[in-house]
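Reading through the C-alpha coordinates given below for one structure.
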Amino acid sequence: HDLSVFYREIIWPMPDFTVDLVLDASSSRCQEQESIAAQAYLITQSLLELQIPVQVTSFRSIRGYTILQLLKTYRETGTTDGIFHFFTAGNNRDGLAFRAIRPLMEQYDTPHAKRIVLILTDALPSDSRRAASDHGLLRGKDYRDTLAIDDTREAIRQLRSEGIYVAAIFWGGDYAVPSLRRIYGDSFIRIKQIQQFPDAVSGLLMRLLDQMHEQ
(Lines give C-alpha, C1' and ligand atoms only; values in the text may rest on other atoms or scores of the structure.)
Protein backbone atom coordinates (compact mmCIF):
# COMPACT_ATOMS: atom_id res chain seq x y z
CA HIS A 1 0.00 0.00 0.00
CA ASP A 2 2.97 2.36 -0.50
CA LEU A 3 2.09 4.66 -3.44
CA SER A 4 5.70 5.72 -3.89
CA VAL A 5 6.39 2.29 -5.36
CA PHE A 6 4.05 2.99 -8.26
CA TYR A 7 4.07 6.78 -8.52
CA ARG A 8 6.84 9.08 -9.54
CA GLU A 9 6.51 12.74 -10.51
CA ILE A 10 8.68 13.80 -13.45
CA ILE A 11 9.14 17.53 -13.88
CA TRP A 12 9.81 18.43 -17.51
CA PRO A 13 11.96 21.57 -17.63
CA MET A 14 10.37 24.42 -19.58
CA PRO A 15 12.53 25.96 -22.32
CA ASP A 16 14.19 29.19 -21.21
CA PHE A 17 14.72 30.59 -24.71
CA THR A 18 12.86 31.72 -27.81
CA VAL A 19 13.59 30.96 -31.45
CA ASP A 20 13.25 33.35 -34.39
CA LEU A 21 13.26 31.67 -37.80
CA VAL A 22 14.17 34.26 -40.45
CA LEU A 23 13.65 33.39 -44.13
CA ASP A 24 15.24 35.07 -47.13
CA ALA A 25 12.26 35.74 -49.43
CA SER A 26 14.09 37.34 -52.35
CA SER A 27 13.36 36.28 -55.90
CA SER A 28 16.37 33.93 -55.94
CA ARG A 29 14.16 31.50 -53.99
CA CYS A 30 11.19 31.65 -56.37
CA GLN A 31 11.62 28.07 -57.62
CA GLU A 32 11.42 26.66 -54.10
CA GLN A 33 9.03 28.96 -52.24
CA GLU A 34 6.42 26.24 -51.64
CA SER A 35 9.08 23.84 -50.33
CA ILE A 36 10.56 26.49 -48.04
CA ALA A 37 7.12 27.23 -46.58
CA ALA A 38 6.43 23.52 -46.04
CA GLN A 39 9.74 22.89 -44.30
CA ALA A 40 9.40 26.02 -42.13
CA TYR A 41 5.93 24.81 -41.15
CA LEU A 42 7.29 21.42 -40.04
CA ILE A 43 10.08 23.06 -38.05
CA THR A 44 7.66 25.42 -36.32
CA GLN A 45 5.25 22.62 -35.43
CA SER A 46 8.10 20.64 -33.91
CA LEU A 47 9.23 23.57 -31.77
CA LEU A 48 5.68 24.18 -30.58
CA GLU A 49 5.38 20.54 -29.55
CA LEU A 50 8.38 21.17 -27.30
CA GLN A 51 6.70 24.34 -25.96
CA ILE A 52 9.44 26.54 -27.38
CA PRO A 53 8.18 30.05 -28.28
CA VAL A 54 8.90 30.53 -31.98
CA GLN A 55 8.43 33.41 -34.39
CA VAL A 56 8.78 33.15 -38.19
CA THR A 57 9.66 36.17 -40.33
CA SER A 58 10.49 36.58 -44.01
CA PHE A 59 12.19 39.56 -45.63
CA ARG A 60 12.54 41.02 -49.12
CA SER A 61 13.33 44.42 -50.65
CA ILE A 62 11.06 45.90 -53.31
CA ARG A 63 11.43 49.33 -54.97
CA GLY A 64 13.62 50.70 -52.22
CA TYR A 65 11.60 49.32 -49.30
CA THR A 66 12.70 46.44 -47.11
CA ILE A 67 9.63 44.46 -46.07
CA LEU A 68 9.48 42.14 -43.08
CA GLN A 69 6.49 39.81 -43.10
CA LEU A 70 5.50 38.17 -39.82
CA LEU A 71 4.34 34.70 -40.85
CA LYS A 72 3.89 33.55 -37.25
CA THR A 73 4.23 35.43 -33.97
CA TYR A 74 5.31 34.00 -30.62
CA ARG A 75 1.75 34.21 -29.32
CA GLU A 76 0.21 32.14 -32.11
CA THR A 77 0.18 28.59 -30.78
CA GLY A 78 -3.11 27.26 -32.13
CA THR A 79 -2.32 27.64 -35.81
CA THR A 80 0.77 28.13 -37.93
CA ASP A 81 -0.99 28.32 -41.30
CA GLY A 82 0.30 31.87 -41.79
CA ILE A 83 3.65 30.36 -42.78
CA PHE A 84 2.06 29.33 -46.07
CA HIS A 85 1.74 33.04 -46.95
CA PHE A 86 5.48 32.96 -47.64
CA PHE A 87 6.29 34.22 -51.12
CA THR A 88 9.39 35.43 -52.92
CA ALA A 89 10.04 38.69 -54.78
CA GLY A 90 12.60 41.44 -55.22
CA ASN A 91 16.00 41.67 -53.58
CA ASN A 92 17.45 41.16 -50.12
CA ARG A 93 18.93 43.98 -48.05
CA ASP A 94 20.05 41.71 -45.25
CA GLY A 95 21.69 44.31 -43.00
CA LEU A 96 18.55 46.42 -42.68
CA ALA A 97 16.31 43.37 -42.26
CA PHE A 98 18.40 41.93 -39.44
CA ARG A 99 18.44 45.26 -37.61
CA ALA A 100 14.64 45.29 -37.77
CA ILE A 101 14.40 41.79 -36.30
CA ARG A 102 15.38 43.02 -32.82
CA PRO A 103 12.34 45.29 -32.25
CA LEU A 104 10.05 42.47 -33.41
CA MET A 105 11.40 40.31 -30.60
CA GLU A 106 10.52 42.95 -28.02
CA GLN A 107 6.83 42.84 -28.95
CA TYR A 108 6.58 39.61 -26.99
CA ASP A 109 6.67 40.17 -23.23
CA THR A 110 8.29 36.95 -22.08
CA PRO A 111 10.30 35.71 -19.12
CA HIS A 112 12.58 33.92 -21.60
CA ALA A 113 15.82 35.82 -21.34
CA LYS A 114 17.73 33.94 -24.05
CA ARG A 115 17.03 34.37 -27.73
CA ILE A 116 18.14 32.37 -30.76
CA VAL A 117 17.93 33.63 -34.34
CA LEU A 118 18.25 31.10 -37.18
CA ILE A 119 18.52 32.56 -40.69
CA LEU A 120 17.95 30.75 -43.98
CA THR A 121 20.29 32.57 -46.37
CA ASP A 122 22.19 32.40 -49.65
CA ALA A 123 24.82 34.77 -48.15
CA LEU A 124 24.49 37.13 -51.12
CA PRO A 125 22.89 40.35 -49.85
CA SER A 126 22.00 42.66 -52.72
CA ASP A 127 19.54 45.49 -53.31
CA SER A 128 18.61 47.71 -56.23
CA ARG A 129 18.57 50.79 -53.97
CA ARG A 130 21.99 52.30 -53.46
CA ALA A 131 23.56 52.66 -50.04
CA ALA A 132 23.57 56.27 -48.89
CA SER A 133 26.84 58.07 -48.32
CA ASP A 134 27.56 61.25 -46.40
CA HIS A 135 26.73 63.09 -49.63
CA GLY A 136 23.36 61.39 -50.20
CA LEU A 137 22.04 58.55 -52.33
CA LEU A 138 23.16 60.01 -55.65
CA ARG A 139 26.79 59.63 -54.61
CA GLY A 140 26.27 56.40 -52.69
CA LYS A 141 27.49 52.96 -53.70
CA ASP A 142 25.57 49.94 -54.94
CA TYR A 143 24.34 47.72 -52.13
CA ARG A 144 26.13 44.53 -53.12
CA ASP A 145 29.45 42.69 -52.85
CA THR A 146 31.81 43.91 -50.09
CA LEU A 147 29.62 46.82 -48.96
CA ALA A 148 26.53 44.63 -48.52
CA ILE A 149 28.49 41.82 -46.88
CA ASP A 150 30.12 44.15 -44.35
CA ASP A 151 26.78 45.83 -43.58
CA THR A 152 25.18 42.44 -42.91
CA ARG A 153 28.16 41.37 -40.82
CA GLU A 154 27.80 44.48 -38.68
CA ALA A 155 24.07 43.83 -38.17
CA ILE A 156 24.84 40.30 -36.97
CA ARG A 157 27.58 41.61 -34.70
CA GLN A 158 25.11 44.03 -33.10
CA LEU A 159 22.65 41.24 -32.39
CA ARG A 160 25.36 39.09 -30.83
CA SER A 161 26.61 42.01 -28.72
CA GLU A 162 23.15 42.07 -27.10
CA GLY A 163 23.48 38.43 -26.07
CA ILE A 164 21.43 37.03 -28.96
CA TYR A 165 22.65 33.77 -30.46
CA VAL A 166 22.68 33.98 -34.27
CA ALA A 167 23.40 31.20 -36.75
CA ALA A 168 22.73 30.59 -40.43
CA ILE A 169 21.41 27.76 -42.55
CA PHE A 170 23.25 28.27 -45.82
CA TRP A 171 21.61 27.16 -49.04
CA GLY A 172 23.67 28.39 -51.96
CA GLY A 173 26.63 27.87 -54.26
CA ASP A 174 30.33 27.52 -53.48
CA TYR A 175 30.95 31.04 -54.77
CA ALA A 176 29.09 32.47 -51.74
CA VAL A 177 31.03 30.55 -49.08
CA PRO A 178 33.65 33.32 -48.49
CA SER A 179 30.92 35.89 -47.83
CA LEU A 180 29.08 33.37 -45.64
CA ARG A 181 32.15 32.89 -43.44
CA ARG A 182 32.79 36.64 -43.25
CA ILE A 183 29.23 37.34 -42.10
CA TYR A 184 28.58 34.42 -39.73
CA GLY A 185 32.02 33.08 -38.83
CA ASP A 186 31.67 29.38 -38.10
CA SER A 187 28.06 29.65 -36.87
CA PHE A 188 26.36 28.03 -39.84
CA ILE A 189 25.31 24.74 -41.38
CA ARG A 190 25.24 24.17 -45.12
CA ILE A 191 22.42 22.29 -46.84
CA LYS A 192 22.31 21.03 -50.43
CA GLN A 193 18.52 20.83 -50.71
CA ILE A 194 15.65 22.41 -48.80
CA GLN A 195 14.50 19.03 -47.43
CA GLN A 196 17.57 19.13 -45.17
CA PHE A 197 16.31 22.33 -43.53
CA PRO A 198 14.72 20.70 -40.43
CA ASP A 199 17.82 18.61 -39.67
CA ALA A 200 20.00 21.71 -40.03
CA VAL A 201 17.81 23.66 -37.58
CA SER A 202 17.95 20.79 -35.11
CA GLY A 203 21.74 20.61 -35.36
CA LEU A 204 22.19 24.35 -34.90
CA LEU A 205 19.85 24.44 -31.92
CA MET A 206 21.80 21.73 -30.16
CA ARG A 207 25.06 23.54 -30.86
CA LEU A 208 23.74 26.89 -29.61
CA LEU A 209 22.18 25.35 -26.50
CA ASP A 210 25.54 23.83 -25.65
CA GLN A 211 27.09 27.29 -25.96
CA MET A 212 24.42 28.71 -23.63
CA HIS A 213 25.10 26.11 -20.96
CA GLU A 214 28.85 26.67 -21.14
CA GLN A 215 28.49 30.39 -20.40
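The values are calculated or read from the model by the stated rules, or taken from the named source; none is laboratory data. Being a predicted model, the structure only gives us computed values, none of them experimental. A quick note on method: Cβ atoms are made from the backbone with ideal geometry, for glycine too, and the neighbour counts reach across all protein chains shown. Protein only, heavy atoms only, side chains kept; ligands, DNA and RNA dropped before computing areas. Shrake-Rupley method; radii C 1.70, N 1.55, O 1.52, S 1.80 Å.
For this structure, a couple of remarks:
- Test: residue in the range 87-98 that is farther than 30 Å from Ala132 by Cβ and either within 18 Å of the chain's Cα centre (by Cα) or open to solvent by less than 60 Å² (accessible area, probe 1.4 Å) (or both): no
- When residues of the range 40-67 are limited to those that are touching a Phe, Trp or Tyr at 6+ places or on another chain (Cβ under 6 Å) and closer than 18 Å to Gly78 by Cα, the one modelled with the lowest pLDDT: Pro53
- Qualifying residue in the range 146-161 (condition: outside any loop (DSSP other than H, G, I, E, B), over 14 Å from the mean Cα position of the chain (by Cα), closer than 24 Å to Pro198 by Cβ and not β-branched (Val, Ile, Thr)): no
- All of Gln39, Gln55, Gln45 fail the test of being open to solvent by 50 Å² or more (accessible area, probe 1.4 Å) and either closer than 18 Å to Ile116 by Cβ or not aromatic (Phe, Trp, Tyr) (or both), apart from Gln45.
- Val166 meets all of the listed conditions (1) open to solvent by less than 10 Å² (accessible area, probe 1.4 Å); (2) of a type in the set (Val, Ile, Thr); (3) under 19 Å from Arg29 (Cα atoms); (4) part of a strand (DSSP E or B) but one, namely (3).
- Condition check for Ser28: at pLDDT below 95 and touching a Pro at 6+ places or on another chain (Cβ under 9 Å): no
- Checked against (1) at pLDDT below 90; (2) open to solvent by 30 Å² or more (accessible area, probe 1.4 Å), Asp145 passes all but a single condition, namely (1).
- Selection status of Ile156, open to solvent by less than 30 Å² (accessible area, probe 1.4 Å) and over 18 Å from Asn92 (Cα atoms): no
- Pairs with Cβ under 9 Å, 6+ apart, first in the range 28-50 and under 25 Å from Pro125 (Cα atoms), second surrounded by fewer than 15 Cβ atoms within 10 Å (Cβ to Cβ) and among the acidic types (Asp, Glu): Tyr41/Asp81
- Residues in the range 185-196 that are open to solvent by less than 60 Å² (accessible area, probe 1.4 Å) and either without any contact (Cβ under 8 Å) to a residue 12 or more places away in the chain or under 17 Å from Ile52 (Cβ atoms) (or both): Gly185 only.
- Just one of the numbered conditions (1) surrounded by fewer than 23 Cβ atoms within 10 Å (Cβ to Cβ); (2) assigned to a loop (DSSP other than H, G, I, E, B); (3) in contact with a Leu (Cβ under 9 Å, 6 or more places away or on another chain) is not true of Leu70: (2).
- Those residues of the range 197-215 which are touching a helix residue (DSSP H, G or I) at 6+ places or on another chain (Cβ under 8 Å) and open to solvent by less than 20 Å² (accessible area, probe 1.4 Å), in sequence order: Phe197, Val201
- Filter result (open to solvent by less than 10 Å² (accessible area, probe 1.4 Å) and assigned to a strand (DSSP E or B)) within the range 112-126: Ile116, Val117, Leu118, Ile119, Leu120, Thr121
- Any chance Ser58 is within 16 Å of the chain's Cα centre (by Cα), within 22 Å of Ala131 (Cβ to Cβ) and hydroxyl-bearing (Ser, Thr, Tyr): no
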